[in-house]
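Notes for the one structure printed next.
The values are calculated or read from the model by the stated rules, or taken from the named source; none is laboratory data. Please read these numbers as outputs of a predicted model, since none were measured by experiment. Don't worry about glycine lacking a Cβ; one is built from the backbone with ideal geometry, like all the others, and counts go over all protein chains shown.
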Amino acid sequence: MSLSYWEQTTYFNDIDVAIIGSGIVGLNAALSLKKKNKNLKIVVLERGMLPSGASSKNAGFACFGSPSELLSDLQNTSENEVFTLVENRWKGLLRLRKNLGDKAIDFHNWGGYEVFDTKKQYTLCESKIEYLNKHTLPIIGKKNVYQNADDKINSFGFKNVKHLIVNTAEAQIDTGKMISALIAKVRKLGVEVMNGFEVKKIADNGKSVTITAAHNELIKCKRVIIATNGFAKQLLPNYQVEPARAQVLITYPIKNLKLKGTFHFDNGYYYFRNINNRVLFGGGRNLDLITEETTEFGLTQLVQNKLENLLNTMILPNTKYSIDMRWSGIMGLGPQKKSIIRATSDNIFCAVRLGGMGVAIGSLVGEEVAAMVEESL
């Protein structure tokens with residue numbers, strides 16, 4: 001399909017920066033570039049009707065590390081690196097709130113809980129609470145971020161839960177509202193967001209970049225930012241970014257729902273929260289890691305059955321409920337949790353591998369790659 005003269009001259013002539021991916025990273029990169037130079041012509045190219053990866057398909061956790069996750073990271077990574085990651089996540093959350101405002105993203109600081117069904121793992125985490133609080137105090141500016149919360153087990157209505165540890169600084173947001181607010185903000189600044197534009201090939205020609213779309217449309221621009229995260233290997237085959245599908249379900253509204261907050265279970269492989277008197281529940285990727293390492297959206301009976309089993313036996317054991325919706329999102333993971341933000345050639349840059357922490361770090365990752373592009377122009 002060929003572009004008309006009108007389409008070419010209106011939308012695709014004299015592009016300074018083309019951003020591939022309209023998720024949290026791509027939109028924040030556009031926002032940052034426009035704030036610094038309002039005259040830049042920027043287009044965001046998105047393959048889907050909405051962001052295709054996980055930005056508006058995740059659970060909306062404004063989190064920066066559960067106790068078991070941080071202790072696991074400390075086994076393989078230096079203390080400095082682990083708490084630098086925590087600091088970046090916290091700063092990223094603050095930047096997200098500053099950019100959009102708490103009301104626009106439906107931000108609620110109702111705490112985040114790690115759920116333990118065995119005493120062994122809890123004992124290890126509980127023994128390190130003082131240590132974790134010591135290292136998060138200068139980052140968060142709040143004492144005793146992590147605390148025992150066993151007194152909440154009964155009030156939440158759980159069964160087969162032995163212990164809870166609360167992260168008092170963890171919160172939740174509405175990621176659909178977040179993306180909507182970001183799109184509105186960049187469009188107000190003059191950024192074009194083009195949906196249904198799937199990029200198949202990128203070629204750096206030295207003085208410009210040529211982008212080939214799915215229907216062989218060709219456009220040229222000065223710089224390109226690849227912000228496709230879970231789909232990164234399609235354009236960056238040699239980079240260590242593996243797709244990871246996350247399956248999610250949500251119940252119909254439940255009268256007098258007891259739980260309130262965000263919850264992590266089984267080393268973070270399961271996660272649930274309240275939203276509009278519903279329970280949103282996702283995870284189970286660890287049941288079949290090979291199958292879930294895919295860019296294909298979809299659901300499996302194995303994972304969905306496990307989610308419903310945990311709803312019945314642990315989360316909502318004495319509550320009547322029914323499932324309203326099910327969906328999946330695609331994350332980008334790798335051997336390291338640090339994102340890949342770099343130039344892949346003179347005129348092409350990438351910001352990928354969010355490690356399941358896009359809500360927390362996406363704003364800063366977008367700003368960082370934007371700064372690299374601005375310096376190169």
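To keep it simple, each residue is scored yes or no on (1) in contact (Cβ under 8 Å) with a residue 40 or more places away in the chain; (2) outside the structural domain of Leu310 (by TED's automatic domain parsing); (3) within 15 Å of Asn58 (Cα to Cα); (4) touching a strand residue (DSSP E or B) at 6+ places or on another chain (Cβ under 7 Å).
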residue	(1), (2), (3), (4)
Thr262	yes, no, yes, yes
Val279	yes, no, yes, yes
Gly284	no, no, yes, yes
Leu287	no, no, no, no
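Tell me whether segment 44-54 contains one or more residues that are touching a helix residue (DSSP H, G or I) at 6+ places or on another chain (Cβ under 7 Å) and surrounded by fewer than 17 Cβ atoms within 10 Å (Cβ to Cβ).
no
Can you go through Gly26, Gly53, Gly48 and tell me which one is touching a residue at least 60 places away in the same chain (Cβ under 8 Å), closer than 29 Å to Tyr270 by Cβ and part of a helix (DSSP H, G or I)?
Unique residue meeting the criteria: Gly26.
Out of (1) out of contact with any strand residue (DSSP E or B) (no Cβ under 8 Å at 6 or more places or on another chain); (2) in the same structural domain as Ser66 (by TED's automatic domain parsing), the odd one out for Ser322 is which?
Of everything listed in (1) out of contact with any strand residue (DSSP E or B) (no Cβ under 8 Å at 6 or more places or on another chain); (2) in the same structural domain as Ser66 (by TED's automatic domain parsing), Ser322 misses just condition (1).
Could you tell me how many of the residues in segment 1-37 are of a type in the set (Asp, Glu), farther than 18 Å from Phe349 by Cα and within 32 Å of the chain's Cα centre (by Cα)?
Matching residues across segment 1-37 total 1.
When you scan segment 335-377, how many residues do you find that are in a helix (DSSP H, G or I) and buried (at least 24 other Cβ atoms within 10 Å of the Cβ)?
11
Regarding Phe197, is this residue touching a Pro at 6+ places or on another chain (Cβ under 9 Å), within 21 Å of Gly366 (Cα to Cα), in the same structural domain as Gly355 (by TED's automatic domain parsing) and among the hydrophobic types (A, V, I, L, M, F, W, C)?
no
Name the single residue that is nearest to Val303 (Cα to Cα) among those in segment 233-262 being of a type in the set (Gly, Ala, Ser) and in contact with a Gly (Cβ under 6 Å, 6 or more places away or on another chain).
The residue in question is Ala246.
In segment 131-150, which residues are out of contact with any helix residue (DSSP H, G or I) (no Cβ under 7 Å at 6 or more places or on another chain) and among the charged types (D, E, K, R)?
Listed by number, the residues that qualify are Lys134, Lys142, Asp150.
Just wondering, is there one or more residues in segment 25-35 that are outside the structural domain of Ile129 (by TED's automatic domain parsing), more than 17 Å from Leu333 (Cα to Cα) and surrounded by fewer than 20 Cβ atoms within 10 Å (Cβ to Cβ)?
Yes, there is a match, as at least one residue in segment 25-35 is outside the structural domain of Ile129 (by TED's automatic domain parsing), more than 17 Å from Leu333 (Cα to Cα) and surrounded by fewer than 20 Cβ atoms within 10 Å (Cβ to Cβ).
Write out, first by first residue and then by second, each pair whose Cβ atoms fall under 8 Å of each other, whose residues are 6+ apart or on separate chains, and whose first residue, in segment 63-81, is without any contact (Cβ under 8 Å) to a residue 40 or more places away in the chain while the second is hydroxyl-bearing (Ser, Thr, Tyr) and part of a helix (DSSP H, G or I).
Correct list of pairs: empty, since none qualify.
Among the residues of segment 205-213, is any over 30 Å from Leu316 (Cα atoms), of a type outside the set (Asp, Glu) and under 21 Å from the mean Cα position of the chain (by Cα)?
No, segment 205-213 contains no residue that is over 30 Å from Leu316 (Cα atoms), of a type outside the set (Asp, Glu) and under 21 Å from the mean Cα position of the chain (by Cα).
Please verify whether Ala232 is surrounded by fewer than 20 Cβ atoms within 10 Å (Cβ to Cβ), within 30 Å of Phe281 (Cβ to Cβ) and not aromatic (Phe, Trp, Tyr), treating the condition exactly as stated.
Considered against the rule, which asks whether it is surrounded by fewer than 20 Cβ atoms within 10 Å (Cβ to Cβ), within 30 Å of Phe281 (Cβ to Cβ) and not aromatic (Phe, Trp, Tyr), Ala232 comes out as no.
Kindly evaluate Asn160 against the criterion of being surrounded by fewer than 16 Cβ atoms within 10 Å (Cβ to Cβ) and assigned to a loop (DSSP other than H, G, I, E, B).
Yes, satisfied.
Take Leu85 and tell me if it is surrounded by fewer than 21 Cβ atoms within 10 Å (Cβ to Cβ), within 16 Å of the chain's Cα centre (by Cα) and either hydrophobic (A, V, I, L, M, F, W, C) or part of a loop (DSSP other than H, G, I, E, B) (or both).
no
Scanning segment 262-297 for residues that are closer than 15 Å to Arg326 by Cα and over 18 Å from the mean Cα position of the chain (by Cα), which turns out surrounded by the most Cβ atoms within 10 Å (Cβ to Cβ)?
Val279
What is the one condition in (1) at pLDDT 95 or above; (2) at negative phi; (3) part of a loop (DSSP other than H, G, I, E, B); (4) not β-branched (Val, Ile, Thr) that His215 does not satisfy?
(1)
Condition (residue is surrounded by fewer than 18 Cβ atoms within 10 Å (Cβ to Cβ) and farther than 19 Å from Lys57 by Cα) applied to segment 238-248: is it met by at least one residue?
Yes; the residues of segment 238-248 include at least one that is surrounded by fewer than 18 Cβ atoms within 10 Å (Cβ to Cβ) and farther than 19 Å from Lys57 by Cα.
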